[in-house]
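The values are calculated or read from the model by the stated rules, or taken from the named source; none is laboratory data. Please read all numbers here as calculations on a predicted model, not as lab measurements. Quick reminder, even Gly has a Cβ in these numbers, built from the backbone with ideal geometry, and neighbours come from all protein chains shown. Keep in mind that these areas ignore ligands, DNA and RNA; they rest on the heavy atoms of the full protein, side chains included. Shrake-Rupley method; radii C 1.70, N 1.55, O 1.52, S 1.80 Å.
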Amino acid sequence: MALALVHEPDYFPTMVRITRADLQLSGHSHGGQVRFPALGPADPAAFGVESTTRGLYELSGSFVYTGRGLGMVGLPLRFDCPPELSEITLEAA
């Protein structure tokens, strides 16, 4: 298994094109930090679009996991996006 540790999950499509990594682990997005039910993150760049801001996503057989993290950026506020400390166990196949 090839693992990529990449701060920003937005790099995932590029990573899939240029490497053979099976899994990318990312953070950066704070999970959206402020999320509106049924609409998604309040970030204007991602509003209404569920991108790779939190959780596990797959593209062309590769995966990215984006943790929500514990911190905040900008306003000290979280809404519909509780902090998260992720524990990931990798096992040999």
(message) Condition check: open to solvent by 80 Å² or more (accessible area, probe 1.4 Å) and under 14 Å from the mean Cα position of the chain (by Cα). Does residue 70 satisfy that?
(response) yes
In this structure, is residue 21 open to solvent by 80 Å² or more (accessible area, probe 1.4 Å) and in contact (Cβ under 8 Å) with a residue 40 or more places away in the chain? no
Taking the stretch 73-93 and the residues there that are within 16 Å of the chain's Cα centre (by Cα) and of a type in the set (A, V, I, L, M, F, W, C), the one that is nearest to residue 15 (Cα to Cα) would be 88
Sole miss for residue 83 among (1) touching a residue at least 60 places away in the same chain (Cβ under 8 Å); (2) assigned to a loop (DSSP other than H, G, I, E, B); (3) of a type outside the set (Asp, Glu) is condition (1)
Residues of the stretch 14-34 being assigned to a loop (DSSP other than H, G, I, E, B) and hydroxyl-bearing (Ser, Thr, Tyr), in sequence order, are 19, 29
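I need the full set of residues from the stretch 40-62 which are modelled with pLDDT of 85 or more, open to solvent by 80 Å² or more (accessible area, probe 1.4 Å) and not hydroxyl-bearing (Ser, Thr, Tyr), in order please.
Selection gives 56, 58.
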Across (1) surrounded by 14 or more Cβ atoms within 10 Å (Cβ to Cβ); (2) over 19 Å from residue 75 (Cα atoms); (3) at pLDDT below 90, residue 1 clears everything bar (1)
Exactly one of 57, 11 is aromatic (Phe, Trp, Tyr) and outside any strand (DSSP E or B), and that residue is 11
So, residue 8, is that one among the charged types (D, E, K, R), surrounded by fewer than 17 Cβ atoms within 10 Å (Cβ to Cβ), touching a His at 6+ places or on another chain (Cβ under 9 Å) and modelled with pLDDT of 85 or more or not? yes
